[in-house]
Structures are given as C-alpha cells and as structure tokens.
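The values are calculated or read from the model by the stated rules, or taken from the named source; none is laboratory data. Just so we're clear, the structure is a prediction, and the values are computed from it rather than from any experiment. As a convention, Cβ positions derive from the backbone with ideal geometry for all residues, glycine included, and neighbour counts pool all protein chains shown. Keep in mind that these areas ignore ligands, DNA and RNA; they rest on the heavy atoms of the full protein, side chains included. Shrake-Rupley method; radii C 1.70, N 1.55, O 1.52, S 1.80 Å.
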Amino acid sequence: MVKRKTSRVRVRVESDKDEEILGTNKLELRKLKRIREEEESLKMSYRRQEEFERQELERLACVSSSFAACRLEIQAAEIFRKQVEALKKRELEKRLISLGYTFNPDDGILLHHHLREKCLENALGFYAILEEADVYAKHPQNLIDVTENYRALAAGNVGYFFTRSRPNQTQPDTSTSTDHVQAGHWIFGKELDVLHQGEKVGVKQLLEYCAAGAKTGYKIIEYRLDPCPDNLKDGPWFLCKLYKDGSYMEVQSSL
C-alpha cells in the first residue's frame with residue numbers, strides 16, 4: 001500500500017511539474033507572439049513613414065518645379081516689360097524731337113522731380129529719357145556713345161544717367177580701360193546744396209575725369225537726395241549729368 005501511494009504521489013508531482021513547464025512554455029509563447037506583433041507594428045510604422053517621406057519628396061519636387069516655372073514666367077514677363085518700355089521710350093523720343101522738345105531741367109527739378117520719383121519707384125514717363133548705367137565703371141566716351149540715341153533731346157553735348165554706384169573718394173581709380181580710350185580716374189569737387197522752391201532737396205558735386213595726369217574735359221555733376229527718403233527698397237539712386245567742355249588742364253600734383 002505504501003509503495004502504491006508513493007507511486008501515485010510521484011506521478012502527481014511529475015504531472016504538476018509538467019503542467020508548470022507547460023504553463024511556462026505558454027507564457028513564453030505569448031511573449032514571443034507579443035514581440036512578433038510589436039515587430040510587425042514597427043515594420044508597418046516604418047513603411048508608413050517611408051511612404052510619407054516619399055510623398056513629401058514628390059510634393060516638394062512638384063513645388064520646386066512650379067517655382068522654377070514661375071521664375072521663368074517672371075523672367076519672361078520682365079524681359080517683355082523692358083522691351084515694351086524701350087519701345088515706348090523710342091516713340092516718346094521721336095515725338096518729343098518732332099515737337100522741338102529740349103531736355104534741360106534745372107538742378108531743383110532734376111532732384112525733386114526726376115531723381116526722387118526714380119528712388120521711390122513711381123511711374124514717371126519723362127525719366128524714360130534718362131538711361132540707367134554703371135556710370136563710374138565705364139569710360140566717359142563710352143557713355144557719351146550711349147547717349148547718341150537721344151542727343152537731340154539734351155541741351156548741348158550732355159547725357160543724363162541714373163546709377164546706384166559711385167567712386168570711393170579715398171580710392172577714386174574706378175574707370176575701366178578699353179581698346180580705344182585710355183583709362184583714368186575721377187577727382188572730386190565740393191558738395192553744394194540744391195534748393196527747390198526755397199527748400200533743400202539734395203546736393204550736387206562736380207567730378208572731373210583725368211587720364212595721364214591731365215584733365216580730359218569730361219565732367220559729371222552728380223546729384224543725390226538729401227534728406228533721402230527712408231522707405232527705399234533697394235537703396236538710393238544717383239543722377240549723373242555727363243558732358244565734355246573741351247578744356248584740357250594739367251592736374252595739380254596735390255590732386
């Protein structure tokens with residue numbers, strides 16, 4: 001009897017151990033299943049993220065293409081606008097010449113009317129007559145050649161230009177040489193106030209072009225607004241009145 005009971009107890013213990021092992025295996029299997037499910041969920045998240053990034057890249061590429069197309073359209077529109085303005089300018093010049101018009105405004109009108117309106121980017125048909133040029137980077141003769149198209153409008157041998165650049169007074173060697181003219185530099189005179197209707201509207205300054213130690217006769221009267229408006233988008237413009245008086249004088253060594 002004792003042996004039989006002992007055997008039954010041993011069988012029960014072994015059965016309990018088997019159930020414990022089985023329960024442990026089931027628990028491990030559930031853990032493995034959760035791990036696999038989490039891995040699958042992460043893979044899905046990664047795939048969704050990759051798809052989202054791919055779509056964003058495609059969208060950005062489309063936006064970039066649209067911007068590039070818009071830039072091309074804007075550039076084309078700007079070219080067309082300039083062509084139209086040039087045509088209007090030529091027509092205006094022909095009409096004014098036929099009417100015997102002479103462009104010879106005084107200093108106050110040049111500053112208060114033409115230069116101020118140019119700086120403020122206001123539409124003003126008359127300043128289509130004036131050229132835009134990098135005045136101090138060119139030889140005066142080259143600039144005078146440009147003015148041949150509307151020379152009949154100006155009083156005498158005079159050209160009017162808008163420019164944003166100006167020479168540095170402490171380092172004035174700013175002229176460029178060409179195959180036909182000798183390079184030189186501009187020397188500065190004193191600044192003088194300009195009044196319009198009794199109020200100061202700007203200043204003017206005489207610059208003379210020198211080459212090989214002598215004045216060449218080329219002169220510029222440079223005008224700038226003073227006081228200058230505060231709301232200028234791209235900085236101030238200068239107005240230059242270029243002419244040649246034909247006088248040649250040796251430059252003083254002090255200059």
Task: Residue ID - farthest from the chain's Cα centre (by Cα), chosen from residues in region 209-237 that are open to solvent by 30 Å² or more (accessible area, probe 1.4 Å) and of a type in the set (Asp, Glu) - done: Asp226
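Yes/no matrix, rows are residues, columns are (1) at pLDDT below 80; (2) farther than 21 Å from Gly108 by Cβ; (3) among the aromatic types (Phe, Trp, Tyr):
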{"residue": "Arg164", "(1), (2), (3)": "no, yes, no"}
{"residue": "Ser177", "(1), (2), (3)": "yes, yes, no"}
{"residue": "Val181", "(1), (2), (3)": "yes, yes, no"}
{"residue": "Glu199", "(1), (2), (3)": "no, no, no"}
{"residue": "Leu207", "(1), (2), (3)": "no, no, no"}
{"residue": "Gly217", "(1), (2), (3)": "no, yes, no"}
{"residue": "Asp234", "(1), (2), (3)": "yes, yes, no"}
{"residue": "Gln252", "(1), (2), (3)": "yes, yes, no"}
TODO: Only residues that are at pLDDT 80 or above and closer than 27 Å to Gly235 by Cβ: list them for region 136-162, please.
DONE: Tyr136, Ala137, Lys138, His139, Pro140, Asn142, Leu143, Val158, Gly159, Tyr160, Phe161, Phe162
TODO: Check whether at least one residue in region 103-111 is over 21 Å from Asp226 (Cα atoms), at pLDDT 80 or above and either open to solvent by 30 Å² or more (accessible area, probe 1.4 Å) or acidic (Asp, Glu) (or both), and report yes or no.
DONE: yes
Task: Subset of region 91-119 (residues that are over 18 Å from Trp237 (Cα atoms) and touching a residue at least 40 places away in the same chain (Cβ under 8 Å)) - done: Glu93, Leu96, Ile97, Tyr101, Thr102, Phe103, Asn104
Open item on the list: Would you confirm whether or not region 70-84 contains a residue that is open to solvent by less than 100 Å² (accessible area, probe 1.4 Å), part of a helix (DSSP H, G or I), modelled with pLDDT of 80 or more and farther than 30 Å from Leu130 by Cα?
Closed with: yes
